[in-house]
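The values are calculated or read from the model by the stated rules, or taken from the named source; none is laboratory data. In this text the structure is predicted, and so the values were computed from the model without any measurement. All Cβ positions, even for glycine, are placed from backbone atoms using ideal geometry, and neighbour counts span all protein chains on display.
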Amino acid sequence: MPEDTYIQQRKADHITINLEKDVDSSLQNGLEAYHFRHNALPEINLSDVDCTTELFGRKLGIPLLISSMTGGTEQARQINRSLAVAVQHHHLSMGVGSQRVGIEQPELMSTFKVREIAPDILLFANLGAIQLNYTYTVEHCLTAVDTLEADALILHLNALQEALMEDGNTHFNGLLKKIEQVCRRLPVPVVVKEVGWGISAEVARQLADAGVRAIDVAGAGGTSWSEVERHRSPTEIGRQTAAAFKGWGIPSAQALVEVHAALPKMPVIASGGIRDGVEGAKCLALGASLVGMARPFLQAVSESEQALDERIAIFKRQLRVSMFAAGAKDLKELSADKLTT
């Protein structure tokens, strides 16, 4: 199969598998260990609870990121556009899927473009960091950002996923220096994220020293991309190898706490198995600047735009009520002292 056709097929496979198969990690996200201290007398009005925030010059109605998912196919185009309409309406942030297919087949880059229908959102371009070790340069990163009119670039790390693919890109040696070069030369902030196995404090410090402006810990507890690759593998060796990693990774809560403690001034995005606004509130109390979710919104938008709008509204309502019942009138007051373990 030609390389360009293969990449498109992989994109389509990822959507189908995420919608139709059980690809959850066997690990919990770790947030079950934390509970809000209920405030029976909050001394605030629910209507006065302020969930707004700001990041990279964009104001958000609530600190929610619809995390990077897809692009490169006609189905992905429709998903991205529907997501963008909802993100614009609710004043959220959004990332697109890896734009590699658009870089290598420019006619497909339009499947990622949403700025015309979402002019005010915080929008993240996205490329696999490993591509910097496979001929990609700062110019490719600029193309990804410029074609989307994005506010920032996500470079995602997926070493384990690449190792489980039949023809994965596994030459990770020297990648940090390449990331540093992009951070120095790109005119927009660079964010680094995992894809579901978490980022440790040690790696976060290395990335911060390289000039990365924010980190999405993307911990274990949600979609396991080893499980996705198990379903994609054409061989029994591949399937059984991938199956052994269903419980791999740093749980999301642990990764968030570690990274925030190591880099208290660094914006941290908490993602990885976050399912509702109560868990989102826990992440924010533990130091997250944004909460990222992907598959719940993919499932909703695949049902209908109304289902997507309702799913966002539910999260927003859950977050607001969590803050009210914890006695936090705004995100600054939603701090770790509101939690108990």
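Below are the figures for this structure:
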{"quantity": "Set 304, 271: member being at pLDDT 95 or above and either buried (at least 18 other Cβ atoms within 10 Å of the Cβ) or within 23 Å of residue 50 (Cα to Cα) (or both)", "calculated": "271"}
{"quantity": "Yes/no for residue 102 being buried (at least 23 other Cβ atoms within 10 Å of the Cβ), within 21 Å of residue 121 (Cβ to Cβ) and modelled with pLDDT of 95 or more", "calculated": "yes"}
{"quantity": "Candidates 269, 312, 274 - the one that is in contact (Cβ under 8 Å) with a residue 60 or more places away in the chain, part of a helix (DSSP H, G or I) and closer than 21 Å to residue 93 by Cα", "calculated": "312"}
{"quantity": "Output for the stretch 277-293, where each listed residue is out of contact with any Leu (no Cβ under 6 Å at 6 or more places or on another chain) and within 18 Å of residue 89 (Cα to Cα)", "calculated": "293"}
{"quantity": "Identity of the residue in the stretch 170-179, over 21 Å from the mean Cα position of the chain (by Cα) and part of a helix (DSSP H, G or I), that ends up nearest to residue 122 (Cα to Cα)", "calculated": "178"}
{"quantity": "Residue list for the stretch 294-312, restricted to those being under 19 Å from the mean Cα position of the chain (by Cα) and of a type in the set (Gly, Ala, Ser)", "calculated": "294, 300, 302"}
{"quantity": "The stretch 121-138, residues that are more than 19 Å from the chain's Cα centre (by Cα) and either within 18 Å of residue 86 (Cα to Cα) or modelled with pLDDT under 95 (or both)", "calculated": "none"}
{"quantity": "Matching entry among 306, 299, 318 (being part of a helix (DSSP H, G or I), in contact with a helix residue (DSSP H, G or I) (Cβ under 8 Å, 6 or more places away or on another chain), among the polar types (S, T, N, Q) and more than 30 Å from residue 162 (Cβ to Cβ))", "calculated": "318"}
{"quantity": "Top-ranked residue of the stretch 209-224 - restricted to ones that are in a loop (DSSP other than H, G, I, E, B) and at pLDDT 95 or above, ranked as surrounded by the fewest Cβ atoms within 10 Å (Cβ to Cβ)", "calculated": "211"}
{"quantity": "The one condition in (1) buried (at least 24 other Cβ atoms within 10 Å of the Cβ); (2) modelled with pLDDT of 95 or more; (3) more than 15 Å from the chain's Cα centre (by Cα) that residue 72 fails to fulfil", "calculated": "(2)"}
{"quantity": "Test: residue in the stretch 241-248 that is assigned to a loop (DSSP other than H, G, I, E, B), surrounded by 19 or more Cβ atoms within 10 Å (Cβ to Cβ) and either of a type in the set (A, V, I, L, M, F, W, C) or at positive phi (or both)", "calculated": "yes"}
{"quantity": "Inter-residue pairs, beta-carbon under 6 Å, first under 14 Å from residue 334 (Cβ atoms) and in the stretch 23-42, second in a loop (DSSP other than H, G, I, E, B) and of a type outside the set (Phe, Trp, Tyr), 6+ apart", "calculated": "34/341; 39/327; 42/327"}
{"quantity": "Some residue of the stretch 114-129 being of a type outside the set (Gly, Ala, Ser) and in a helix (DSSP H, G or I)", "calculated": "no"}
{"quantity": "Residue in the stretch 144-161 that is part of a loop (DSSP other than H, G, I, E, B), under 21 Å from the mean Cα position of the chain (by Cα) and surrounded by fewer than 16 Cβ atoms within 10 Å (Cβ to Cβ) present", "calculated": "yes"}
